[in-house]
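Notes for the one structure printed next.
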Amino acid sequence: MSGVIVHLPQGSGGAVGGRPHGDTVTLRLGPGEVARFGRGSTTVPVELRLDDPAISRLAGEIRVSDDHWQLTNHSTTHSYLVENPEGAGEYLRVPPRRVGAPIPFEFSRVVLPTRGDVAISFQVFAPDHVYLDPDAMGGPWGNNTVTAYSLNETATYFLVLVALCEPRLRDQSRVAVPTTPQIVERIGGHLTGGELTARAVSSHIDYLADEKLRIGAPGAHEPGKGERRNGKREEIVGLALRFGLVREEHLALLPPLAGAGGRERQAAR
């Protein structure tokens, strides 16, 4: 299992003087590992620091299992929400003092109540889900077959993957992989779970490369390296097409190309 990624976006750690603040924090946790969150102190260290008077010093913790993660709520008064940003409004409410609530979503947003107007939340990408081998269904029971590349075709990251592969699926010639602004333009208005930003697209691409497709090119994740980031996109597209992870029928997941010349314009990008 690839474990869990916990991501606190910049400016999501609370508000000082009514303005969002806080640096980006990204944690990678393996099975059995724990990350604690809250206001923290010198005597109560936390991995995710969330500054708001309504949040306890130790507000809760995330514990990773083999195929899911659990949320413990240490608050004695406040419930926490775990939202599925890619679903049709699904969410779980974790009540005060609840220990080890299992979270089924592959991508989650944990939201904590605050006294201010600025919401405090962080994101959690779950472990790879395990599926039975369909060829072995009904046969003798043995070890489960683990999927080499566990992809959820209803997730936003898969839509981003299809958009990356679209030019080469529509035209077999060697064409450039779409940029982040082009992907936002292509699918940004097609989602039901909210607006798709350039930062969100970059996060989904990193998630695909690091966790789902496990592309570990040396230096590929260094900040400010445009050519290396583009190389990572090329590797993602190449692997997805070589192994048939994205096929022509997946193009139906994308919105229709605008205008009669849309196909030609898309292929030329």
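Every number here is computed from the coordinates shown, using simple stated rules; none is lab data. Worth saying up front: this structure is predicted, and the values here are computed from it rather than measured. Using ideal geometry, Cβ is built from the backbone for each residue, glycine included, and neighbour counts are taken over all protein chains shown.
Report the charge-dipole magnitude of region 26-76 in Debye, nearest 20, computed about the Cα centre from +1 at each Lys and Arg Cβ and -1 at each Asp and Glu Cβ. Walk me through the intermediate numbers first.
Values: 6 positive and 7 negative charges, 41 e Å.
Using Cβ point charges on Lys, Arg, Asp and Glu, region 26-76 gives about 200 debye.
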### Task
Once you have the Cα-Cα distance between GLU248 and ARG214, take 0.36 nm times their residue separation minus that, and quote the gain in nm to one decimal.
9.9 nm
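Contour minus end-to-end for GLU234 and ASP51, with contour as 0.36 nm per residue of separation and end-to-end as the Cα-Cα distance?
Numbers: separation 183, 0.36 × 183 = 65.88 nm, distance 3.94 nm.
Computed gain between GLU234 and ASP51 is 61.9 nm.
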